[in-house]
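Some notes on the structure that comes next.
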Amino acid sequence: MQNDNDRDPDRQNGGGEGGFNWKGIVLLSIALGLFALAIMARSNSSGAVEKSYQAFKEMVAQGKIQIDEKSNPPHVLQIVQRDNSKKQYISGWFEVDEKDVAKNNGEKYARFRTPIILDYAKEDLQKTLDSKGLSIHDQVTEEDAGWATLLTFYLPLLLLIFLLYLLFRHQIRMAGRGAMSFGKSKAKMMALDKNKITFKDVAGVEEAKEEVWEIVEFLKDPKKFQRLGGRIPKGVLMVGSPGTGKTLLARAIAGEADVPFFSISGSDFVEMFVGVGASRVRDMFEQGKKNAPCLIFIDEIDAVGRHRGHGLGGGHDEREQTLNALLVEMDGFDTQEGVIIIAATNRPDVLDPALLRPGRFDRQITVALPDVKGREEILRVHAKKVKIADGVDLAVVARGTPGYSGAELANVINEAALLAARKGLKAITLRELEEARDKVRWGKERRSLAISEKEKENTAYHEAGHAILLCLLENTEPLHKVTIIPRGPSLGSTMWLPEEDKFTNRKNELLDQLVVTMGGRVAEDIVFGDVTNGASGDIRQATGMARKMVCEWGMSDELGMIEYGDHQEHLFLARELSSPRNYSEATAQKIDAEVKKLIDNAYDKAKELIVKHREKLNAIAQGLLEYETLDASHIKEIMEHGELRNPPSSPTPPDLPSEPAPHPEKPAEAAKPDEGELPGGLAPAGA
């Protein structure tokens with residue numbers, strides 16, 4: 001595929017769409033300059049002192065009129081016709097007063113002109129001139145005055161109009177050419193010599209790298225695969241959550257494959273004009289065939305490949321025309337080999353089924369969130385660009401960041417570098433990495449937030465209720481840290497850290513997690529005899545989990561292993577309206593009853609355990625009020641001995657109220673706050 005600039009020579013000359021029109025600017029500047037010179041010349045040609053007819057008669061009577069035909073130019077009286085009216089001027093030279101000689105550049109005589117209408121003042125003028133023996137020696141005719149006016153004014157004006165015509169004609173021609181290029185593809189060729197990325201720069205997605213590496217090998221040595229009759233996939237669809245590295249993987253393919261590589265966004269096909277998107281698709285494939293074999297990368301293909309026929313009014317809109325053109329070009333009646341499409345999306349559920357069938361996108365590659373080993377590799381790749389202190393084990397950071405995407409891990413390294421630079425350190429330590437981990441996921445600590453003692457006490461007991469249940473229950477993840485330091489929207493957080501990456505959850509684990517979620521509200525009720533709205537996030541989390549256990553995961557003894565409802569996101573209103581509920585009203589009441597039963601049982605169990613260990617709850621809350629943050633070891637001491645035997649260092653106030661500094665004694669960590677929660681939060685690290 002050749003570049004757009006190569007196909008449009010006018011763009012290289014500064015014209016066209018997106019170019020600066022230097023030619024037009026030069027023409028306009030020349031025209032304006034000539035027009036200004038004409039005005040100056042005309043003003044200079046008429047640079048005479050205006051004298052009334054009465055003043056002219058007085059100058060004649062005083063003998064101040066100067067006549068000298070031998071001078072150059074000759075000082076004579078003349079009558080000049082300036083325009084097509086009957087108004088004329090008497091032009092000549094008069095003697096300047098001695099006091100005004102200096103103002104006249106030292107000249108004794110100055111030029112004057114007097115307006116006169118000869119039809120009315122001819123006899124009086126002749127009488128005035130005869131009184132001093134003067135006469136009109138020269139008279140410029142109307143025809144001569146017209147030519148002079150044409151030469152001094154109208155000719156530059158006509159030249160200006162001609163140059164403006166050339167300018168506008170050039171602009172109109174370029175505008176027309178830009179309109180005709182609406183249907184041209186906006187795919188850009190990757191410059192492989194700049195910022196070249198290879199598979200060495202991609203980590204944590206080994207299976208995806210292995211699958212796309214086959215494409216690179218096929219492009220380098222097609223005969224290796226053709227010996228057995230195999231053919232390369234026509235299209236590869238990379239699917240994954242945001243930030244998992246789909247675009248980075250495509251750039252690595254471009255860096256490894258020694259073939260033309262073009263990238264385009266799905267939104268580049270969408271225009272307000274009907275037919276433009278389909279035309280761009282056809283142009284993209286046409287140019288791709290000219291440069292075959294080649295790779296074309298379409299980012300965010302869901303912008304153009306959404307499911308057809310789900311608009312409210314049906315119809316055949318511009319997006320569907322574009323999708324139809326894409327389907328035909330990928331595997332239609334007149335399809336040629338050599339153009340491989342690589343597309344990326346994080347919404348495969350909205351794509352049209354015809355786009356996903358073999359023959360178009362033959363292979364779907366899932367670019368999943370990295371596991372603990374993949375996270376460590378990603379951290380090592382990004383750590384090469386910064387200075388890490390000796391002894392920092394990135395495996396520890398990897399274990400503490402479950403659920404983080406590659407983009408978030410890159411941001412962790414960058415935030416740690418900024419934090420270390422702000423502290424004036426020479427290298428990044430583990431403390432900065434842990435603080436950056438929490439800042440990337442949950443926001444910066446708000447130590448300067450003014451909180452009343454009453455709210456702080458309520459938050460402490462709320463978080464203590466979560467923490468004590470994490471220690472008492474068997475099927476929960478290990479407690480990592482509890483804090484009442486505000487971070488993001490939460491006034492406090494309880495954080496647990498999974499021992500390993502988990503992909504499934506057992507029923508007993510989910511039931512215990514429901515109990516832990518109830519701990520904050522139960523502690524408030526037991527201690528204060530009243531509750532706050534701070535448990536809104538806990539309630540939302542518990543309700544969603546219980547409903548999924550009943551409706552999706554078949555964990556209800558009453559309703560059994562049946563899925564109730566369509567648990568896909570309804571992205572089109574028409575699909576939602578046309579999808580009736582697949583269970584009766586009586587079943588809906590049973591579902592609500594089962595959900596309430598699970599939550600009520602969890603609440604009762606949480607209340608029973610907290611009442612039984614009320615003294616330890618008080619000890620944890622008092623420790624939080626005094627030290628703000630307690631690690632798992634401190635909570636374990638309280639659970640075993642009823643008190644803190646090795647308390648942490650006392651907190652210190654922030655250095656700068658406008659930009660509070662992190663805690664100087666220990667890394668300030670907090671858990672993921674519940675969405676919309678105020679006093680308290682509960683979430684696993686990195687979940």
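Computed with a 1.4 Å probe on the full set of protein chains, the accessible area for Asp390 sits at about 150 Å². Which percent of the accessible area of the range 444-511 is formed by carbon and sulfur heavy atoms (probe 1.4 angstrom)? Carbon plus sulfur share of accessible area: 47 percent. Between Gln589 and Glu640, what's the calculated FRET efficiency when r is the beta-carbon distance and R0 is 45 Å? Round to 0.05. My answer for the efficiency is 0.45.
Calculated accessible area for the range 388-492 comes out at 39 Å² per residue, all protein chains present (probe 1.4 Å; ligands, DNA, RNA ignored). Of the cross-linked pairs Lys196/Lys384; Lys209/Lys444; Lys209/Lys384; Lys373/Lys439; Lys99/Lys122, those separated by over 24 Å at the C-alpha level are Lys209/Lys444; Lys99/Lys122.
Ordering Gly623, Ile610, Ile591 by Cα displacement along the dipole of the range 588-632 toward the positive end leaves Ile591 in first place; charges were set at the Cβ atoms of Lys, Arg (+1) and Asp, Glu (-1). A protection proxy built from the mean count of other Cβ atoms within 10 Å ranks the segments 348-356, 276-284, 612-620, most packed first, as 276-284, 612-620, 348-356. The phi-based Karplus calculation (6.51 cos²θ - 1.76 cosθ + 1.60; θ = phi - 60°) puts the 3J(HN,Hα) values of the range 354-365 at 5, 7, 9, 6, x, x, 10, 9, 5, 9, 10, 10 Hz, whole numbers, x for Gly and Pro.
Are there trypsin sites (Lys or Arg not before Pro) in the range 393-440 that DSSP marks as loop and that have at most 13 other Cβ atoms within 10 Å, and which are they? In loop regions of the range 393-440 (DSSP not H, G, I, E or B), the sparsely surrounded trypsin sites (Lys or Arg not before Pro) are Lys426. Checking the Cα-Cα distances for Lys548/Lys605; Lys387/Lys502; Lys385/Lys426 against a 24 Å cut-off, the pairs over it are Lys387/Lys502.
Surface composition of the range 228-285: carbon plus sulfur atoms contribute 57% of the solvent-accessible area (1.4 Å probe, protein chains only, all chains present). 3J(HN,Hα) along the range 633-645, derived from phi through the Karplus expression 6.51 cos²θ - 1.76 cosθ + 1.60 where θ = phi - 60°, amounts to 5, 5, 5, 5, 4, 5, 5, 8, 10, x, 7, 8, 8 Hz, with x in place of Gly and Pro. Judged by the mean number of other Cβ atoms found within 10 Å, the most tightly packed of the peptides 359-365, 116-122 leads the ranking 359-365, 116-122.
The values are calculated or read from the model by the stated rules, or taken from the named source; none is laboratory data. Note that this is a predicted model, so its numbers are computed, not measured. Every residue, glycine among them, receives a Cβ derived from its backbone with ideal geometry; neighbour counts consider all protein chains shown. Side chains are part of the model used for accessible areas, which takes the heavy atoms of the whole protein and leaves out ligands, DNA and RNA. Shrake-Rupley method; radii C 1.70, N 1.55, O 1.52, S 1.80 Å.
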